[in-house]
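Report on one structure; see the data block that follows.
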Amino acid sequence: MTKKTFQSVGEIKILNQVLDLTRESILLHKGQSLIRMKTDITGNLVASRHVNRRSVAVRLVVSCCAVLLIAMAVLLAGAKSSEAGYASIILDADTGEVLRSRNADTRNYPASLTKMMTLYMLFEQLDAGRMQLSDKLAASKRAAGQPASKLGLKRGTKITVQQAIMALATKSANDVATVIAEGISGTEWEFAVAMTKRARELGMKRTRFKNASGLPNRKQLSSARDMGVLAMAILRDFPHYYDYFSAKSFRYNEKTYRTHNNLLNSYPGMDGMKTGYIRASGFNLVASAVRNGRRIIAVVFGGRTAKSRDQHMVKLLDLGFERVAQRDQRAGVKQFAVLNSRKVPLPVFKPVFTETRVAKAVHRPPIRRGEAGQWAIQVGAYQTVSAAETALRAVSTRLPDLLSHASAALTPIELKRGDILYRARFLGLLKGEANEACASLKAVTMPCAVVPNPDFRLADHSS
């Protein structure tokens with residue numbers, strides 16, 4: 001019993017040892033499993049973190065690329081919207097014929113060409129007697145706050161109408177443009193509405209004004225053709241104010257301002273009109289020039305620089321004169337007068353009758369050298385010689401004293417379709433005589449327009 005018991009006890013000890021080893025093995029296995037699990041979890045976390053980092057990095061790169069693409073699109077769109085569109089047109093100022101055009105009806109920003117319309121509105125006020133050149137206009141707070149180019153008027157400063165005209169024509173002063181607008185309409189906004197309405201009446205179909213100066217406004221638009229129409233309207237309706245566009249300098253408050261129109265000093269025959277620039281428009285220019293008794297108007301929008309714009313304008317004017325000369329040569333047109341002036345030409349074609357014969361028909365002597373004035377009146381343009389001659393006789397009968405020393409003239413003008421009109425004019429008047437004559441004729445609803453006739457010399461009609 002005792003031996004068996006010891007054996008049992010020994011077996012029990014061995015069994016306990018085995019159990020202990022088994023327990024330790026199990027515990028060790030569990031520990032290794034736990035360690036492995038922890039390692040796996042940690043690895044997964046690290047791997048996940050790397051994956052997340054890569055994902056975040058990719059997302060950041062994609063986001064940055066998207067932002068860059070959007071920024072580039074915006075910049076390109078902005079550049080496109082503010083990039084000036086090129087446009088040009090060349091006109092025969094006497095007939096209105098288009099000699100060449102490129103994108104002439106494309107709407108662009110007129111910039112300071114706007115001031116031509118502002119001056120047109122002011123000239124209407126002057127001729128209507130609602131303003132005088134000596135009248136004074138006061139600068140408002142809004143006018144004084146306009147950006148350059150400007151005279152730097154202070155609030156309350158007064159400037160005469162004549163000074164205001166010169167400031168717009170030469171310095172292109174934005175503050176003065178606002179002064180004029182407020183002086184005529186009370187507010188610049190109301191003036192812009194009136195400008196647009198008048199522009200449409202003149203035939204400027206693609207023009208809208210929002211201010212009097214041409215400062216940036218995305219809704220203020222015009223076209224090369226419309227600006228050509230405006231230039232012709234100024235020459236036709238206000239030749240007596242055209243000299244302002246020829247001014248090369250302007251003195252105000254003991255300071256001299258030079259014109260922005262550099263071609264006035266360099267292009268032969270160039271005598272006006274107006275430059276314009278804002279960043280969105282590029283460098284614009286409306287120009288008028290006379291050569292061999294013929295007048296050309298040219299308009300450029302969207303020049304890259306002032307210099308390149310001027311160079312291009314020279315080419316356009318040269319081309320215009322060349323095409324007019326070729327057309328006249330084909331038509332067998334001869335000039336009957338030489339105009340040694342930079343001003344608006346009068347007759348440029350040889351009349352159906354010589355001036356002496358027409359003048360005799362209406363019992364008026366021809367101009368005698370030394371007695372001729374520098375102005376003329378046009379009393380209509382007619383489809384037949386007899387109708388024009390009848391108009392000359394009617395005017396001569398109505399105004400015998402005023403026209404006693406004038407010379408009557410018929411001038412044929414060939415229109416674009418080949419039709420011919422005959423202009424009826426009295427030449428060699430003084431300015432006061434011309435104005436008085438037109439006022440008298442308009443009072444009885446007879447047509448009349450005052451036009452300049454400087455340095456006029458009758459041609460030799462024997463050839």
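The values are calculated or read from the model by the stated rules, or taken from the named source; none is laboratory data. All of these numbers come straight from a predicted model, not from anything done at the bench. Using ideal geometry, Cβ is built from the backbone for each residue, glycine included, and neighbour counts are taken over all protein chains shown.
Of everything in the range 391-411 that's in contact with a helix residue (DSSP H, G or I) (Cβ under 7 Å, 6 or more places away or on another chain) and part of a strand (DSSP E or B), which residue is nearest to L421 (Cα to Cα)? In this case the residue turns out to be L410. Checked against the criterion of being in a loop (DSSP other than H, G, I, E, B), touching a residue at least 24 places away in the same chain (Cβ under 8 Å), within 22 Å of F123 (Cα to Cα) and among the aliphatic types (A, V, I, L, M), the candidates M195, M232, M204, M227 yield just one match: M204. The set of residues in the range 235-283 being part of a loop (DSSP other than H, G, I, E, B) and among the aromatic types (F, W, Y) consists of F238, Y267. From the list A194, A167, A148, A139, the one residue that fits, being at pLDDT below 95 and of a type in the set (G, A, S), is A148. I'd like to know if the range 173-185 contains one or more residues that are out of contact with any Asp or Glu (no Cβ under 6 Å at 6 or more places or on another chain), surrounded by fewer than 20 Cβ atoms within 10 Å (Cβ to Cβ) and not hydroxyl-bearing (S, T, Y). No, every residue in the range 173-185 fails to be out of contact with any Asp or Glu (no Cβ under 6 Å at 6 or more places or on another chain), surrounded by fewer than 20 Cβ atoms within 10 Å (Cβ to Cβ) and not hydroxyl-bearing (S, T, Y). If you filter the range 131-154 down to residues that are small (G, A, S) and in a loop (DSSP other than H, G, I, E, B), you find that the one that is surrounded by the most Cβ atoms within 10 Å (Cβ to Cβ) is A139.
Filtered by the rule that a residue be within 40 Å of the chain's Cα centre (by Cα), at pLDDT below 85 and within 17 Å of S440 (Cβ to Cβ), the range 377-406 gives G380, A391, A406. Would you check if there is a residue in the range 254-268 being at positive phi and either touching a residue at least 40 places away in the same chain (Cβ under 8 Å) or buried (at least 20 other Cβ atoms within 10 Å of the Cβ) (or both)? No, the range 254-268 contains no residue that is at positive phi and either touching a residue at least 40 places away in the same chain (Cβ under 8 Å) or buried (at least 20 other Cβ atoms within 10 Å of the Cβ) (or both). Residues to consider are F426, F349, F353; find the one that is aromatic (F, W, Y), assigned to a loop (DSSP other than H, G, I, E, B) and either more than 41 Å from the chain's Cα centre (by Cα) or modelled with pLDDT of 80 or more (or both). After applying the criteria, what remains is F353. Here the condition is being in the same structural domain as N103 (by TED's automatic domain parsing) and crowded, with 24+ Cβ neighbours inside 10 Å; of A194, A169, it holds for A169 alone. State yes or no: is A409 closer than 20 Å to D237 by Cβ and not assigned by TED's automatic domain parsing to the domain that holds D243? No; evaluated as a whole, the condition is false for this residue. If you check D226 against the conditions, is it buried (at least 19 other Cβ atoms within 10 Å of the Cβ) and either at pLDDT 95 or above or over 20 Å from W189 (Cα atoms) (or both)? When the stated conditions are applied, D226 passes them. Under the condition of being among the hydroxyl-bearing types (S, T, Y), under 24 Å from K154 (Cα atoms) and touching a helix residue (DSSP H, G or I) at 6+ places or on another chain (Cβ under 7 Å), the residues counted in the range 89-133 number 1.
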